[in-house]
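In what follows, a structure is listed as C-alpha cells, so that the remarks can point back to it.
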Amino acid sequence: DAKTTQPPSMDCAEGRAANLPCNHSTISGNEYVYWYRQIHSQGPQYIIHGLKNNETNEMASLIITEDRKSSTLILPHATLRDTAVYYCIVRVANSGAGSYQLTFGKGTKLSVIP
Amino acid sequence: ETGVTQTPRHLVMGMTNKKSLKCEQHLGHNAMYWYKQSAKKPLELMFVYNFKEQTENNSVPSRFSPECPNSSHLFLHLHTLQPEDSALYLCASSQDGVLAGVETQYFGPGTRLLVL
C-alpha cells in the first residue's frame with residue numbers, strides 16, 4: 001500500500017472549517033483513500049473514503065486532486081468533539097491475500113479551539 | 001456506538017497471569033481483527049479472522065493466542081505477558097475480509113491492558 005504523509009498537528013477554531021491535507025504521491029490506480037479518526041482513548045472511527053471523485057457524507061467531505069497524489073479532508077464546521085487524531089490511509093480494494101490490513105501512520109492531531 | 005463491544009475495558013495483570021479479552025460484533029460481519037496500539041506508536045495489526053478462519057498472523061508472539069468460535073465473537077487469550085505488552089488492544093470487524101472490495105472496518109472501544 002502507498003505511503004501517506006500528513007502534518008503532525010493542526011489547530012482549528014470552533015465553528016470554522018478544518019482542512020486536513022494528505023500526500024500520497026505513490027498511490028496506484030486501484031488504491032482508495034480512506035480517512036479514519038481516533039478520539040482520545042477510543043477506537044478509530046471511519047469517516048469517508050474515495051477513489052477519484054470528491055465525496056461527501058454527513059461527517060465530512062473528501063477532495064482528491066486530479067492526479068490523485070494528494071487529498072484533503074474537510075470538516076465543514078469543526079466542533080470541540082472533532083478534536084482527535086486523523087489518519088489518511090491508502091489501500092487496495094479486493095486484492096486478495098494481505099488486503100485486510102489498514103496501515104495506520106502517525107496521523108494529524110487536530111485540536112479544535114473554543 | 002459502532003456495534004463492536006469489548007470487555008473488559010481495563011485490565012491489570014501480572015506476568016504469570018492468564019487472562020482473556022473478548023470482542024463481540026453485532027453487525028453481521030464475517031471478518032474480525034485484533035490490533036495493538038502502544039503508546040506513541042501507530043496501530044499494529046495482530047490477527048485477522050475471516051469466516052472464523054485465521055487468515056493473517058503478523059508475527060505475533062505465542063503468548064498471544066486468538067480464538068474465533070463464530071463470526072460474532074473473537075477472543076485474545078493472554079499468558080505470561082511482559083510489561084512491554086502493555087497497550088490498548090483494539091478489535092475491529094468488517095463485512096468480508098476478502099470479497100467485499102472496498103470495505104470499512106468498525107472498531108470497538110479497546111481494552112487498556114497494563115502488565116506489571
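Here is how the numbers come out for the structure above:
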item: Where residue A:52 falls short, out of the listed (1) open to solvent by less than 70 Å² (accessible area, probe 1.4 Å); (2) more than 17 Å from residue B:92 (Cβ to Cβ); (3) within 14 Å of chain B (Cβ to nearest Cβ); result: (1)
item: Hits in the range A:58-76 - residues which are surrounded by 16 or more Cβ atoms within 10 Å (Cβ to Cβ) and of a type in the set (D, E, K, R); result: A:68
item: Residues that are away from chain A (no Cβ under 12 Å), in contact with a strand residue (DSSP E or B) (Cβ under 7 Å, 6 or more places away or on another chain) and polar (S, T, N, Q), drawn from the range B:55-75; result: B:65, B:72
item: Filter result for residue A:105 (at pLDDT below 90, under 20 Å from residue B:109 (Cα atoms) and part of a loop (DSSP other than H, G, I, E, B)); result: yes
item: The range A:33-48, residues that are open to solvent by 50 Å² or more (accessible area, probe 1.4 Å) and over 17 Å from residue B:93 (Cβ atoms); result: A:40, A:41
item: Counted residues, the range B:65-85 - those being touching a Lys or Arg at 6+ places or on another chain (Cβ under 9 Å), in a loop (DSSP other than H, G, I, E, B) and closer than 22 Å to residue B:4 by Cβ; result: 1
item: Of residues in the range B:1-35 being part of a strand (DSSP E or B) and basic (Lys, Arg), the one farthest from residue B:88 (Cα to Cα); result: B:18
item: Residues within the range B:40-54 that are open to solvent by 60 Å² or more (accessible area, probe 1.4 Å), within 12 Å of chain A (Cβ to nearest Cβ) and not in a strand (DSSP E or B), tallied; result: 2
item: Unmet criterion (only one of (1) more than 7 Å from every other protein chain (Cβ to nearest Cβ); (2) at pLDDT 85 or above; (3) open to solvent by less than 50 Å² (accessible area, probe 1.4 Å)) for residue B:83; result: (3)
item: Complete set of residues in the range A:1-18 that are loosely packed, with under 15 Cβ neighbours inside 10 Å and part of a strand (DSSP E or B); result: A:5, A:9, A:11, A:13
item: Residue within the range A:9-30 that is at pLDDT 90 or above, within 12 Å of chain B (Cβ to nearest Cβ) and more than 13 Å from residue A:73 (Cα to Cα) present; result: no
item: Residue in the range A:101-108 that is more than 9 Å from every other protein chain (Cβ to nearest Cβ), buried (at least 17 other Cβ atoms within 10 Å of the Cβ), under 13 Å from the mean Cα position of the chain (by Cα) and touching a residue at least 60 places away in the same chain (Cβ under 8 Å) present; result: yes
item: In the range B:55-64, the residues that are part of a strand (DSSP E or B) and surrounded by fewer than 15 Cβ atoms within 10 Å (Cβ to Cβ); result: B:57
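The values are calculated or read from the model by the stated rules, or taken from the named source; none is laboratory data. Remember, it's a predicted structure, so these values are computed and weren't measured experimentally. Virtual Cβ from ideal backbone geometry, glycine too; neighbours counted across all protein chains shown. Accessible surface areas use protein heavy atoms only, side chains included; no ligands, DNA or RNA. Shrake-Rupley method; radii C 1.70, N 1.55, O 1.52, S 1.80 Å.
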